[in-house]
Amino acid sequence: MSYPSQPPQFQPQPQFQSQYQPQGPMGMLQLTIQGSVMTSSLIPPTVHLNGYPVQVKYGRNDIPVPAGPLHVDVHSQWMLTYGRAALDCTVPPNQAVPVFYASPYHQFTSGSIGHSKVKRKGLGTLLAIVGAILAVVVLVSVLAALNG
């Protein structure tokens, strides 16, 4: 029993095979988003690599990228966009570049980004705001006790 050959439209076309060009050398971006859902935000930061969005999670993200210059732009989102940080680097062929990002403690400052672990900004401001709120609560309680 013989089977008929494939119709001509389903046979491989040599002109398409010769037009395919493999990509250039690749590298790896090891992007670590410091923090977690419990310590930062429920929503992971938004990352753009050379203007293209990339989905990330908290912790280390191994992202294959073309070797060469790379612009990493990161920001956090809650009710407002905050914690913007950017870094320009060069990814060598067949090598990995570590990048660390930490969102700030509050929405009124920028994020931190670098090639080694970074500190979160805004702890002093956060402690000052919490301290001021506690001072007002204590003052109101004392005044109420004295007048009562």
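The values are calculated or read from the model by the stated rules, or taken from the named source; none is laboratory data. All figures in this text were calculated on a predicted structure; none of them were measured in a lab. Glycine gets a Cβ as well: all are built from the backbone with ideal geometry, and neighbour counts include every protein chain shown. Surface areas here come from the heavy atoms of the whole protein model, side chains and all, with no ligands, DNA or RNA. Shrake-Rupley method; radii C 1.70, N 1.55, O 1.52, S 1.80 Å.
Count Lys and Arg as plus one, Asp and Glu as minus one, and take only other residues whose Cβ is under 15 Å from that of TYR58; the net charge is then +3.
Measuring from centroid to centroid over Cα atoms, what is the spacing of region 47-91 and region 92-125 in Å? Their Cα centres are 11 Å away from one another.
Element breakdown for the chain at a 1.4 angstrom probe: carbon and sulfur atoms account for 64% of the accessible area.
Over the chain, DSSP H runs of length four or greater, each weighted -39,500 (n - 2.57), average out per residue to a 222 nm ellipticity of -7000 deg cm²/dmol. Computed from phi, the 3J(HN,Hα) profile of region 39-54 under the Karplus parametrisation 6.51, -1.76, 1.60 (θ = phi - 60°) reads 9, 10, 9, 5, 9, x, x, 8, 10, 10, 10, 6, x, 9, x, 9 Hz, with x in place of Gly and Pro.
Tell me the label only: which of [x] 189; [y] 106; [z] 219 is volume of the Cα convex hull per residue in Å³ as calculated from this structure? Label [z] holds the value from this structure. Think of each Lys and Arg Cβ as +1 and each Asp and Glu Cβ as -1; about the Cα centre, that makes the dipole of the chain roughly 340 debye. For region 10-148, the relative contact order is 21 percent, taking Cα pairs closer than 8 Å that sit 6 or more residues apart in sequence and dividing their mean separation by the residue count.
Once you sort the root eigenvalues of the Cα gyration tensor of region 51-114 as a ≥ b ≥ c, which label holds: rounded (a/c under 1.5), prolate (a/b larger than b/c) or oblate (the other case)? Prolate is the answer for region 51-114, as a/c is 1.5 or above and a/b outweighs b/c.
For the chain, the longest principal axis of the C-alpha atoms and the axis of helix 123-147 are separated by about 30°. Amide H contacts of THR32 (H built 1.01 Å from N, in plane; Pro and chain starts excluded): ASN61, VAL99, PHE100, TYR101 sit under 5 Å, all sequence-distant by 5 or more or on other chains. Quick one: longest stretch of the chain between exposed loop trypsin sites (Lys or Arg not before Pro), exposed meaning at most 12 other C-beta atoms within 10 Å and loop per DSSP? With a cap of 12 other Cβ atoms within 10 Å, the longest stretch comes to 58-116.
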